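Read through the structure below, which is laid out as structure tokens, and then see the notes.
The values are calculated or read from the model by the stated rules, or taken from the named source; none is laboratory data. Being a predicted model, the structure only gives us computed values, none of them experimental. Using ideal geometry, Cβ is built from the backbone for each residue, glycine included, and neighbour counts are taken over all protein chains shown.
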Amino acid sequence: MLAPQIDPVALQLGPVAIHWYGLMYVFAFMSAWKLVQVQLKEQGLWGKAVPPEQFENLFTFLIFGVILGGRIWYVLFYNPSYYLEHPIEVFYVWNGGMSFHGGFLGSVVAGWWYCSRHHLPYLILLDRFAVVAPLGLAFGRMGNFINGELWGRVVAEPSSVPWAMIFPGAGPMPRHPSQLYELALEGIVLFLILWFTRKKDWKAGTRISIFLLGYAAARIFCENFREPDAQLGFIFANITMGMLQSSAMIIAGIATLFWIYRKP
């Protein structure tokens, strides 16, 4: 089955090209904007502990944290030699090349900095953004699929994987559509779990821990079907960079739970 060949440019307005990859980020941020507000209103925090103006400013900081963190992390850990030779392309984010782990870390740091300066409930807000983060991931993986990047490994027996796809630029062999696997597990499934438990009376910080553990488990599983980055390959044995960084997230998730629940 040939993978759908979708033009990565959604709309061309003269010299300005609007890419699907960029639109996926817009959809992700719009979803987070609305659904975090819904949760804060349900908790009675909207307009009290979290004034609308400060929420808007916080959201702006988080967007910059996601974009800067995601891009810098990708440049440093996934393809540093290429960007040393082509430094101007560091700014070509519409061509892909964002790291979720870096974007997550960037948003966590940006959110902590803003909340600490403006006396906002950081852990509560972190939990509420963690609930909707998987939805943003789903949009991001759709952007990867449209771009025809981050494809899966070659399927040894195509008849056993009837949904295997031939991706342009990936050779003639059918491959796992690993972008869609990640969209389903890291995105939709994890989002539904967190969304339908959002009203549970858990300690602040519990949801971000569940997100860390759930994302890491889904990512490590999906990495078994995803072609390692060509410039990196396997780090050692059958371990990829994604597996390695996601393992660190598991440690962080367990440590956060321990820190939260060791207090009475």
field: For Pro228: the one exception among (1) surrounded by 16 or more Cβ atoms within 10 Å (Cβ to Cβ); (2) in contact (Cβ under 8 Å) with a residue 24 or more places away in the chain
entry: (2)
message: Are there helices (runs of 4 or more DSSP H) fully within segment 1-101 with at least 1 residues that are at pLDDT 95 or above and crowded, with 16+ Cβ neighbours inside 10 Å? List them.
response: 20-42, 52-77
statement: When segment 112-153 is checked residue by residue, the ones that are over 19 Å from the mean Cα position of the chain (by Cα) and either without any contact (Cβ under 8 Å) to a residue 24 or more places away in the chain or assigned to a loop (DSSP other than H, G, I, E, B) (or both) are Ser116, Arg117, His119, Leu120, Pro121, Tyr122, Arg153
field: Test: residue in segment 132-141 that is of a type in the set (Val, Ile, Thr) and closer than 14 Å to Ala3 by Cβ
entry: no
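So that you can scan it fast, the table gives a plain yes or no per residue for (1) within 20 Å of the chain's Cα centre (by Cα); (2) more than 20 Å from Ile124 (Cα to Cα); (3) not charged (D, E, K, R):
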site	(1), (2), (3)
Leu23	yes, yes, yes
Phe27	yes, yes, yes
Glu42	no, no, no
Glu53	no, no, no
Phe59	yes, no, yes
Leu62	yes, no, yes
Val66	yes, no, yes
Ile72	yes, yes, yes
Val75	yes, yes, yes
- request: Please work out which residue is surrounded by the fewest Cβ atoms within 10 Å (Cβ to Cβ), limiting yourself to segment 192-221 and to residues that are without any contact (Cβ under 8 Å) to a residue 60 or more places away in the chain, farther than 17 Å from Thr256 by Cα and hydrophobic (A, V, I, L, M, F, W, C).
  value: Phe196
